[in-house]
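Accompanying notes for the structure given below.
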Amino acid sequence: MKRVISVILVLCMALSLCACASSGSSAASGEKVIKIGVFEPSSGDSASGGKKEILGMQYANSQEPEITLNGETYKIELVYGDNGSSTDKAPSAASSLVSAGVSVVLGSYGSGVSMAGGPKFEEAGIPAIGVTCTNPNVTAGNSYYFRICFLDNFQADVLANFAMSKFSAKTAYCLGESGNEYDQGLIAFFKQVFEAAGGKVITDSFPTGNSDFGSYLNKAKSEGADVIFTPVSIAYAVQIIKQAASLGIEAPFLGSDTLDDNMVLEAIAGTDLQLYVSTFYQEGGSPEFDSGIKAYINDSSEALAANGGNDTISAVTAMGYDAYFVALEAMKKAGSGDKAELMKILPSVTYTGVSGSIAFDAQGDAVRDTAYIKTADTANGTWVLETVQTGSVQAEETEPTGSAN
Amino acid sequence: MEQLISAEYLVSILLSGISLGGQLALIAIGYTMVYGILRLINFAHGDVFMVAGLLGIYVSAAVPIYIAIPIVIVLTVALGFFIERAAYKPLRSAPRMSVMISAIGVSYLLENTATYVTGGQPMTYPTISFLTKTVNIVGTSTKLVVIITPILVLVLIALLTQLINHTKIGMAMRAVSKDFETSRLMGIKINTVISMTFVIGSALAVVGSILYFTTYPAITPTAGAMPGLKAFVAAVFGGIGSIPGAVIGAFIIGICETIIKGLPSAWNVSVFSDAFTFALLIFILIFKPTGLFGEKATDKV
Amino acid sequence: MLKQKTNHQGSFAAVIAIAVLLGLIVLLENLSDLIPGLPAIFAPTSQLFTVLKKGAVYSLLAVSMNLLNGFTGLFSLGQAGFMLLGAYTYAILTVPMAAKDQVYYLYGGSAVKFSLMDLFQGIFGNAGFGGGVSLILAVLVGLILAGLVAALFAALIGMPVLRLKSDYLAIATLGFAEILRAIFQWQTLGPITNGANMIKNFPTFSDFNIKNASGEVVLRLSTFVPFLVSIVCITLIVLLIHSSYGRAFKAIRDDEVAAEAMGISLFKHKMLSFVISSFFAGVGGGLFAMYVANAQAKAFTSTMTYEILLIVVIGGIGSISGSVIGTFLYVACSEWWLRFLDRETYIGSFKVPLLRSGFRMVVFSVVIMIIVLFFSKGIMGEKELSWKGIGGLLQKLKRKKPAPAAEKED
């Protein structure tokens, strides 16, 4: 029995190694190829968001699978490195992309993994374009990391101002996951802005893996919150919305870009809650892109599953789409698919995508001053554009300057 | 802070504490029974609970919920039975550490499979309209499930106690948990008894999963890990092997935890709700290692 | 006398073997610079070296867990907690002052107005040879302090919990690790721990690559360093196991009552094993922080402890060389060789079923279950890799091989 099993195990190993070798060689044969690394989580806590971001890149790749540089046509191949949403898996995922010989990397959803994978790209001299990682430290201290999204402090600024102007809120209750740099970073910046404007902020955190939010929501109610700010990841957001609905919370919810997700929309449909989220893209911003990606999602059962079972477009999908074309734009401008050439040219690349115009500042961050705020139409289960906010934070020096380098 | 001590707020905290405690109790029974007989911390039990939740989603998508529940119970019980036969039975004579490692392996496998099947998306548990009706208690609106949970737990415990004290299989279980070897020599079919333990534990985990996920409807592949660990802590707290102990332990932990979460946010301590549970565990282990109701175990040389 | 001699010979051979291994590692990493045109796998940024670095770090973690679980028979699940202490101690103490404001940007700088990097750079200078010396000293002192802090906490928690029986000890140490994580994530301690944000910009393995004046790398040592530290630490553990203390540990593992009857102080030896194991877990935690180039409490979950435990089981509970071999196999499989299972693959136009993201981990956990159930002794059992063992194995193979050949001749 044992012997049989060990023989089978060895055979499996050998087979897998063969498969490994053959899959490697199949990519090498054929026409000229430029590889783009997709550094995204497709397992772990952020898998849901990561897959939607990948979806945008895949759609973009299906739109423009080739690029012509100096008269030669290159096929563009997406190479995936699943970072498992965890910082201890990120370095090896990053170096799997480096080993695959990618010229530029897109991603990741989640700032922590981007920071953990960043040094690998820097060492290998491969530029990385962050899609929706909003933590200031992603690009600070890593000259090879760029990003096309706004930063935490800008987003928090927009939301705090919105809470003040729309609801004349005096007290805000902020709830985030303990130990999550995304949640806590946004809350800290929100607090700065909201308190500077004379409001009162109550901050609270829940431990990882928590599912009972009833106590927190009751507390928010009893401490007199006018708005509840929950910049949490998707699974927690669904949990909070569902429980808030059964508790009959009247205070409006404010969410960050992670809440712009169709799982959240599904959770809130048919309830009496109010939810406002700040985001990168609003459906209807580019009708051509909307109809195209909807057709793409509905065309394949896997894409549909990755998008959570329906065809509502998440902002991260639009961002993934734009990131792909920023990379292509850089290749066109450099006239090459070489990583060093791309790195040289990227700071000067500008591109107008479906989410707006994209350019990089000295730090590698996107020069963006617009955020969309949308609200959930609970009766119809759709997002409705509430307002387009232009922040004032660009001039402020709340973000860390890259003085360290 | 004066606003905080409103009766309404206190009631709402207590209610959610009691319902959390009840749900933990149903999982804790599975731990305590298995430990009582096999001396094994069944780390996979929390994941069986999570799988029961996922099965609830998938089965109820195909058939109406009231038909789905019995199907889910059957499937989960089959899973529990299969895990015991495949992963624990072959190691019956191996050192205890190996069995525990096997349990960790099963838990790892269940979580990874769940990630693969769901694709990492959080799944939403179907609404059981009967359980989610809103009721009013002392001015606090809450779901019916919160009221039903403790009642249902007490009824199930009463039934289980009857089973253990007054049936042949129950007697066999008690015998095996007292002395494994001797009861084998007395002609008790050890394997049947152990399987029965897993069957009962899994069935109660399904009931627990229905109540738990109706209250907290988003399921991720790791959704079972924390409730599982806490239920185990509850079992230790109450005295492992003792069913009433596990239930009381679960209620104490559930209520303490919700109280900590409900403490004024200015104190900034609500993050320690899980840590408190573990601190309580270490504390009880040091000062009363057999738990509140546990029997003193004698070491066999 | 004779025995002593063979022992000396054995350790001499071991030292030579280690030196050769370290030399090979240095050579391997610099190979692509020496001989251009090698396959991409030899490039210093390739997956191979990431796996080797992680393997070196995890080897130490697995061996330190094995010391406790395999050699002393104490089933502890607190590894992630001690790693967390080590990682944070190392990170907090070595982030250069200049980088602190940026790293602790939410708190307006760190409360720890002190950095080992600056301390040694103040003495030896920060460029050229002096820079190298201060880097080595800062990392060395940082790692030792990381171990000491972990050991201190182990001593504190060990007093009460080491009296517990096996499974209770496991769950108590697991709980202890969870408590530590909650404390390090607490925003109130932010000025020290950086709260939820990660601490970064401290010296990592890549800083050991020697650069010339124009910033080009002349000699790559980034894989050599984790190997060196791990090997030194593992050697210390091996020496401990072969000492009289080690024999006492094994006696406790095999039979506590008998060991106590023979006059071995149970508590003293359990405590010693627990504290030493935690010391190396702390050093390993520091190395882990260097490997991932950040320290964040979120990473040190019970899943990490389980992972290391599974490595120990795969390698063989009670075998040092088994743990090391197990680590490299585990890391290479899970993070490198099996990655293709996550990709949709077409053979011609035929789509291979089941392959999509997440499948890798399913296959991997099935393999682990098979090992746990059918090969519960792991790769090495309780044996160690030795020259004699290898020789014996070769002889066995030799004896087996000629047999069919002989048949053919007939």
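The values are calculated or read from the model by the stated rules, or taken from the named source; none is laboratory data. Model, not experiment: these values are computed from the prediction. All Cβ positions, even for glycine, are placed from backbone atoms using ideal geometry, and neighbour counts span all protein chains on display.
Restricting the search to the range B:75-105, which residues are crowded, with 20+ Cβ neighbours inside 10 Å and closer than 19 Å to B:Ile219 by Cα?
Within the range B:75-105, B:Thr76, B:Leu79 qualify.
With (1) among the hydrophobic types (A, V, I, L, M, F, W, C); (2) touching a helix residue (DSSP H, G or I) at 6+ places or on another chain (Cβ under 9 Å); (3) touching a residue at least 60 places away in the same chain (Cβ under 8 Å) as the list, and A:Val238 as the residue in question, which single condition is left unmet?
(3)
Which residue out of C:Tyr107, C:Tyr58 is touching a helix residue (DSSP H, G or I) at 6+ places or on another chain (Cβ under 6 Å), closer than 14 Å to C:Ala281 by Cα and of a type in the set (Ser, Thr, Tyr)?
When all the criteria are applied, what remains is C:Tyr58.
When the range C:169-186 is examined, which residues are found to be polar (S, T, N, Q) and surrounded by fewer than 24 Cβ atoms within 10 Å (Cβ to Cβ)?
Listed by number, the list is empty, since nothing qualifies.
Scan the range C:279-296 for residues that are over 23 Å from C:Gln47 (Cα atoms) and assigned to a helix (DSSP H, G or I) and report the count.
5
Only one residue in B:Thr277, B:Thr258 is at the interface with chain C (Cβ under 9 Å from one of its Cβ atoms), β-branched (Val, Ile, Thr) and over 16 Å from A:Thr203 (Cβ atoms), so which one is that?
Criteria check complete, one pass: B:Thr277.
Check A:Phe162, A:Phe146 and return the single one that is away from chain C (no Cβ under 14 Å), modelled with pLDDT of 90 or more and touching a Gly at 6+ places or on another chain (Cβ under 8 Å).
A:Phe146
Residues of the range A:243-269 being in a loop (DSSP other than H, G, I, E, B), surrounded by fewer than 22 Cβ atoms within 10 Å (Cβ to Cβ) and within 10 Å of chain B (Cβ to nearest Cβ), which ones?
A:Gly248
Residues C:Ala258, C:Ala281, C:Ala248, C:Ala196: which one is under 30 Å from C:Leu164 (Cβ atoms), within 11 Å of another protein chain (Cβ to nearest Cβ) and hydrophobic (A, V, I, L, M, F, W, C)?
C:Ala258
Among the residues of the range C:342-351, write down those that are at the interface with chain A (Cβ under 10 Å from one of its Cβ atoms) and farther than 19 Å from A:Ala305 by Cα.
C:Tyr346, C:Ile347
Evaluate the range B:110-123: report whether one residue or more is within 30 Å of B:Glu8 (Cβ to Cβ), within 14 Å of chain A (Cβ to nearest Cβ) and surrounded by 20 or more Cβ atoms within 10 Å (Cβ to Cβ).
Within the range B:110-123 (the criterion being within 30 Å of B:Glu8 (Cβ to Cβ), within 14 Å of chain A (Cβ to nearest Cβ) and surrounded by 20 or more Cβ atoms within 10 Å (Cβ to Cβ)), the answer is no, since none of the residues qualifies.
If we keep just the residues of the range C:116-140 that are farther than 20 Å from C:Met290 by Cα and part of a helix (DSSP H, G or I), which is modelled with the lowest pLDDT?
The selected residue is C:Gly128.
With under 26 Å from the mean Cα position of the chain (by Cα), modelled with pLDDT under 85 and either more than 14 Å from every other protein chain (Cβ to nearest Cβ) or not in a helix (DSSP H, G or I) (or both) as the only criterion, which of A:Gly44, A:Gly30, A:Gly37 stands out?
The conditions single out A:Gly44.
Could you tell me which residue of the range A:209-221 is nearest to the chain's Cα centre (by Cα), considering only residues that are more than 7 Å from chain B (Cβ to nearest Cβ) and either under 18 Å from B:Gly21 (Cβ atoms) or surrounded by fewer than 23 Cβ atoms within 10 Å (Cβ to Cβ) (or both)?
The selected residue is A:Asn210.
Residues to consider are B:Ser209, B:Ser242, B:Ser270; find the one that is of a type outside the set (Lys, Arg) and away from every other protein chain (no Cβ under 14 Å).
After applying the criteria, what remains is B:Ser242.
Checking A:Gln63 against (1) within 26 Å of C:Ser302 (Cβ to Cβ); (2) at pLDDT 90 or above, only one condition comes out false. Which one?
(1)
Suppose we filter A:Ala128, A:Ala156, A:Ala140, A:Ala124 for residues that are closer than 17 Å to A:Ala94 by Cα and within 12 Å of chain C (Cβ to nearest Cβ); which single one remains?
It is A:Ala124.
When you go through (1) touching a Ser or Thr at 6+ places or on another chain (Cβ under 9 Å); (2) without any contact (Cβ under 8 Å) to a residue 40 or more places away in the chain; (3) not assigned by TED's automatic domain parsing to the domain that holds A:Ala163 one by one for A:Gly308, which number turns out not to apply?
With (1) touching a Ser or Thr at 6+ places or on another chain (Cβ under 9 Å); (2) without any contact (Cβ under 8 Å) to a residue 40 or more places away in the chain; (3) not assigned by TED's automatic domain parsing to the domain that holds A:Ala163 applied to A:Gly308, the lone miss is (2).
How do the helices (runs of 4 or more DSSP H) wholly within the range B:1-101 filter down when requiring 3 or more residues that are modelled with pLDDT under 90 and among the small types (Gly, Ala, Ser): which remain?
The qualifying helices (runs of 4 or more DSSP H) are B:7-38.
Looking at (1) more than 23 Å from A:Glu40 (Cα to Cα); (2) within 20 Å of the chain's Cα centre (by Cα), which one does A:Asp377 not meet, given that it meets all the others?
(2)
Given the criteria in the same structural domain as A:Lys339 (by TED's automatic domain parsing), without any contact (Cβ under 8 Å) to a residue 60 or more places away in the chain and of a type in the set (S, T, N, Q), does A:Ser86 qualify?
Taking the combined requirement at face value, the residue satisfies it.
Residues C:Ser76, C:Ser59: which one is assigned to a helix (DSSP H, G or I), crowded, with 24+ Cβ neighbours inside 10 Å and more than 14 Å from chain A (Cβ to nearest Cβ)?
C:Ser59
One line per residue, one yes/no per condition, for (1) surrounded by fewer than 24 Cβ atoms within 10 Å (Cβ to Cβ); (2) in a strand (DSSP E or B); (3) away from chain C (no Cβ under 14 Å):
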{"position": "A:Gln184", "(1), (2), (3)": "no, no, no"}
{"position": "A:Lys191", "(1), (2), (3)": "yes, no, no"}
{"position": "A:Gly198", "(1), (2), (3)": "yes, no, yes"}
{"position": "A:Ile202", "(1), (2), (3)": "yes, yes, no"}
{"position": "A:Ser205", "(1), (2), (3)": "no, yes, no"}
{"position": "A:Pro231", "(1), (2), (3)": "no, no, no"}
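This table checks each residue for (1) among the aliphatic types (A, V, I, L, M); (2) within 8 Å of chain A (Cβ to nearest Cβ); (3) under 21 Å from the mean Cα position of the chain (by Cα); (4) buried (at least 16 other Cβ atoms within 10 Å of the Cβ).
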site: C:Ser321; (1), (2), (3), (4): no, no, yes, yes
site: C:Ile325; (1), (2), (3), (4): yes, no, yes, yes
site: C:Arg339; (1), (2), (3), (4): no, yes, no, yes
site: C:Met369; (1), (2), (3), (4): yes, no, no, yes
site: C:Gly381; (1), (2), (3), (4): no, no, yes, no
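Residue check: is A:Leu175 in a helix (DSSP H, G or I), of a type outside the set (S, T, N, Q) and surrounded by 23 or more Cβ atoms within 10 Å (Cβ to Cβ)?
no
Only one of these is part of a helix (DSSP H, G or I), surrounded by fewer than 17 Cβ atoms within 10 Å (Cβ to Cβ) and among the hydroxyl-bearing types (Ser, Thr, Tyr): B:Thr132, B:Thr161. Name it.
B:Thr161
Just to be sure before I move on: is A:Gly224 in a loop (DSSP other than H, G, I, E, B) and surrounded by fewer than 21 Cβ atoms within 10 Å (Cβ to Cβ) in the structure I sent?
yes
Given the criteria part of a strand (DSSP E or B) and within 14 Å of chain B (Cβ to nearest Cβ), does A:Ile240 qualify?
no
Consider only pairs whose beta carbons are under 7 Å apart and that are at least six residues apart or on different chains; among these, list those whose first residue lies in the range A:350-367 and is over 15 Å from A:Ala330 (Cβ atoms) and outside the structural domain of A:Phe325 (by TED's automatic domain parsing) and whose second residue is buried (at least 22 other Cβ atoms within 10 Å of the Cβ) and at pLDDT 90 or above.
Close Cβ pairs (under 7 Å, with a partner that is buried (at least 22 other Cβ atoms within 10 Å of the Cβ) and at pLDDT 90 or above) amount to A:Asp365/A:Arg147.
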